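Engineer: My questions will all concern the structure given below.
The values are calculated or read from the model by the stated rules, or taken from the named source; none is laboratory data. Everything quoted here is computed from the prediction, not taken from an experiment. So basically every Cβ, Gly included, is an ideal-geometry build from the backbone, and we count neighbours across all protein chains shown.
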């Protein structure tokens, strides 16, 4: 862990120093973007709706990993375990117990919270390196157990009930559902960042021993952070199970899924509110493109991309976007609107 | 009944020696640099494929091709560390190396798919079926050779780390990187050599595995759990610990399968892994590195 500290120390604590210039561009961009995303289904075909739903699901997971890894510095590389558990809770409860989808989804989230707390309370005491391996182990052992249980249907998997609605309606439903969960997790992350919890998590990432000396109950905060992370990853898994209508252990407990969401949060910007969403958006769309065009060498291209990203963008995209002189851009935009009032003094505002 | 259990224990012991060499390279890399090499199991896969190629192309005995495989993978991993991973560590992004190695893992799998296709391959030698009978316990010759070679390789590694100048430098860097640098050790050079050795060990493990297992591009996945378990159980970077951990794991797995059934084999190794992490994160030997 000690060797890892310098990298954390040199990263500017995101949000610690709020950009003094106006935050208006960010708000304008957000309003425009959300309007765009909400209205998008009106023009999109079924294929792209489904692609975007998957992108949103990955964005939810990347943001969830961000809470425990980006903020608290505990690299939960095996976080897909909650994706699988969430998917299986929805799968089992809807098929075996006839629980309605909405209730099953909530159960998936809560079940993952319970799982993360039971497992997390002991393993979050481990130092970061061991925690990382422990989460990978957890992912693998959970898959093996699910594979061998009767209630989960073993390697055959589960076909979740198909909703009695038109395909167009179903596409829209899952699109907006994933979008709503995504918006919620982004809002929660933003909330965490601005409150004591975010401060405590960043203190833990920076120097856990010092944080504990200052009276921060680090295990409590880490457990909380992982529980939040597990909740949203579980929801993502639940939505995915119903969306895809079929799940199997090998595909939902996949280590590749796990590492993918981790890479996306790093690529966008670990420890930032919007970075992971941006990272997931870009990488998932890129992956979709590569998969469609170069099926044979899909892994080769993605693997090389991953290596190149870590080499050239190790701090995340957001750190580059932050360098854009937003305040000048802001002044320019305002200037455009005030063309007509040219000649008046700026100080009038 | 008793005889079958006895056979299971013996199988576990034979397997354990191999597990040691499977995990020790990963353990060394992790112990010295803190790099979690997710591509380790795929390097094993590449080692197995190279052995298969030498065997089917030139008729070279799988055990004789070990040195060639080791050299090839040493060079490959040395270059990887020198040009990719070291550049990340230099800039303070040690945490990113795990992501890089995952990328490397994907690349290796795809390369194997392109060169050798997804078909199952195997190495069947003239002495593959030979086995000895010892008080009712079957001892296949191939598995005995694998065990002996595994132990020899780990012993050579131990002596290398203990006695040679490079080995001592590796241990010094593992114990205290800054102090080692002040003593004039080229830390990044040592890193490259360490990763190279890790790769060579993975390759030799692959070579040893080739006569007893089918070879596919995706064979690395299930091996990774064993690699983790051996590394954590033995203590990171601890060569003796890895041997003991391999044997413990091998016996536990085979005996566990005897009582619970084959499907639980992987679950058992992961369960051991997590239990050790929870209760004894410093490993069974209690020492982090070769002293």
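Engineer: Going by the structure shown, is residue A:200 free of Cβ contacts under 8 Å to residues at least 40 places away in the same chain, part of a helix (DSSP H, G or I), in contact with a helix residue (DSSP H, G or I) (Cβ under 6 Å, 6 or more places away or on another chain) and within 16 Å of residue A:67 (Cβ to Cβ)?
Structural biologist: It is true that residue A:200 is free of Cβ contacts under 8 Å to residues at least 40 places away in the same chain, part of a helix (DSSP H, G or I), in contact with a helix residue (DSSP H, G or I) (Cβ under 6 Å, 6 or more places away or on another chain) and within 16 Å of residue A:67 (Cβ to Cβ).
Engineer: Before we move on, is residue B:13 modelled with pLDDT under 90 and assigned to a helix (DSSP H, G or I)?
Structural biologist: Taking the combined requirement at face value, the residue satisfies it.
Engineer: So residue A:104 passes all but one of these: (1) assigned to a helix (DSSP H, G or I); (2) within 14 Å of chain B (Cβ to nearest Cβ). Which condition number does it fail?
Structural biologist: Looking at each condition in turn, residue A:104 falls short on (2).
Engineer: So residue B:217 clears everything in (1) assigned to a loop (DSSP other than H, G, I, E, B); (2) away from chain A (no Cβ under 12 Å) except one condition, right? Which one?
Structural biologist: (2)
Engineer: Which residues, taken from region B:227-267, are surrounded by 19 or more Cβ atoms within 10 Å (Cβ to Cβ), part of a helix (DSSP H, G or I) and facing chain A (nearest Cβ under 9 Å)?
Structural biologist: B:228, B:229, B:231, B:232, B:266, B:267
Engineer: Looking only at residues that are over 17 Å from residue B:162 (Cα atoms) and surrounded by fewer than 17 Cβ atoms within 10 Å (Cβ to Cβ) in region B:174-186, which one is nearest to the other protein chains (Cβ to nearest Cβ)?
Structural biologist: B:178
Engineer: Now a separate question. For residue B:13, indicate whether it is in contact with a helix residue (DSSP H, G or I) (Cβ under 9 Å, 6 or more places away or on another chain) and either within 13 Å of residue B:201 (Cα to Cα) or more than 14 Å from chain A (Cβ to nearest Cβ) (or both).
Structural biologist: yes
Engineer: If you don't mind, there's one more thing I want to ask. Limited to region A:298-314, what total is found for residues that are within 20 Å of the chain's Cα centre (by Cα) and either at positive phi or facing another protein chain (nearest Cβ under 7 Å) (or both)?
Structural biologist: Number of matching residues: 4.
Engineer: Would you mind listing the helices (runs of 4 or more DSSP H) fully within region A:1-90 where at least 2 residues are under 30 Å from residue A:222 (Cα atoms) and modelled with pLDDT of 80 or more?
Structural biologist: Once the helices (runs of 4 or more DSSP H) in region A:1-90 are filtered for at least 2 residues that are under 30 Å from residue A:222 (Cα atoms) and modelled with pLDDT of 80 or more, what remains is A:46-65.
Engineer: State which residue pairs qualify: first residue farther than 16 Å from residue B:264 by Cα and inside region A:146-165, second residue in a strand (DSSP E or B) in any location, beta carbons under 8 Å apart, and separation of 6 or more residues or different chains.
Structural biologist: A:157/A:246; A:157/A:247; A:158/A:246; A:158/A:247; A:159/A:246; A:160/A:246; A:160/A:247
Engineer: Name the residue, out of A:67, A:57, A:89, that is touching a residue at least 40 places away in the same chain (Cβ under 8 Å), over 26 Å from residue A:167 (Cβ atoms) and more than 12 Å from chain B (Cβ to nearest Cβ).
Structural biologist: Result: A:67 is the single residue among A:67, A:57, A:89 that is touching a residue at least 40 places away in the same chain (Cβ under 8 Å), over 26 Å from residue A:167 (Cβ atoms) and more than 12 Å from chain B (Cβ to nearest Cβ).
Engineer: So which residues in region B:158-173 are surrounded by 13 or more Cβ atoms within 10 Å (Cβ to Cβ) and within 13 Å of residue B:193 (Cα to Cα)?
Structural biologist: Scanning region B:158-173 gives B:160, B:161, B:166, B:167, B:168, B:169, B:170, B:171, B:173.
Engineer: Output the number of residues of region B:129-187 satisfying the condition of being over 26 Å from the mean Cα position of the chain (by Cα) and assigned to a helix (DSSP H, G or I).
Structural biologist: Summing the residues that are over 26 Å from the mean Cα position of the chain (by Cα) and assigned to a helix (DSSP H, G or I) in region B:129-187 gives 5.
Engineer: Could you tell me whether residue A:329 is at pLDDT 85 or above and more than 14 Å from every other protein chain (Cβ to nearest Cβ)?
Structural biologist: no
Engineer: Hey, could you check region A:115-131 for residues that are within 18 Å of residue A:84 (Cα to Cα) and under 21 Å from the mean Cα position of the chain (by Cα) and say which is nearest to the other protein chains (Cβ to nearest Cβ)?
Structural biologist: Within region A:115-131, the match that is nearest to the other protein chains (Cβ to nearest Cβ) is A:119.
For (1) at pLDDT 85 or above; (2) in contact with a strand residue (DSSP E or B) (Cβ under 7 Å, 6 or more places away or on another chain); (3) not in a helix (DSSP H, G or I), each residue gets a yes or a no:
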residue	(1), (2), (3)
A:236	yes, no, no
A:251	yes, no, no
A:258	yes, no, no
A:262	yes, no, no
A:265	yes, no, no
A:281	yes, no, no
A:311	yes, no, no
A:315	no, no, yes
A:320	no, no, no
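Engineer: Taking residue B:113 as the residue in question, decide whether it is within 14 Å of another protein chain (Cβ to nearest Cβ) and either surrounded by 16 or more Cβ atoms within 10 Å (Cβ to Cβ) or touching a strand residue (DSSP E or B) at 6+ places or on another chain (Cβ under 8 Å) (or both).
Structural biologist: yes
Engineer: Go through the residues of region B:88-105 one by one and say whether even a single one is within 17 Å of residue B:45 (Cβ to Cβ), within 14 Å of chain A (Cβ to nearest Cβ) and over 18 Å from the mean Cα position of the chain (by Cα).
Structural biologist: yes
Engineer: Sticking with this one: Suppose we filter region B:124-151 for residues that are farther than 17 Å from residue B:211 by Cβ and without any contact (Cβ under 8 Å) to a residue 24 or more places away in the chain; how many remain?
Structural biologist: Total satisfying the criteria: 3.
Engineer: Does at least one position in region A:288-297 carry a residue that is within 11 Å of another protein chain (Cβ to nearest Cβ), in contact with a helix residue (DSSP H, G or I) (Cβ under 9 Å, 6 or more places away or on another chain), surrounded by 16 or more Cβ atoms within 10 Å (Cβ to Cβ) and farther than 17 Å from residue A:261 by Cβ?
Structural biologist: yes
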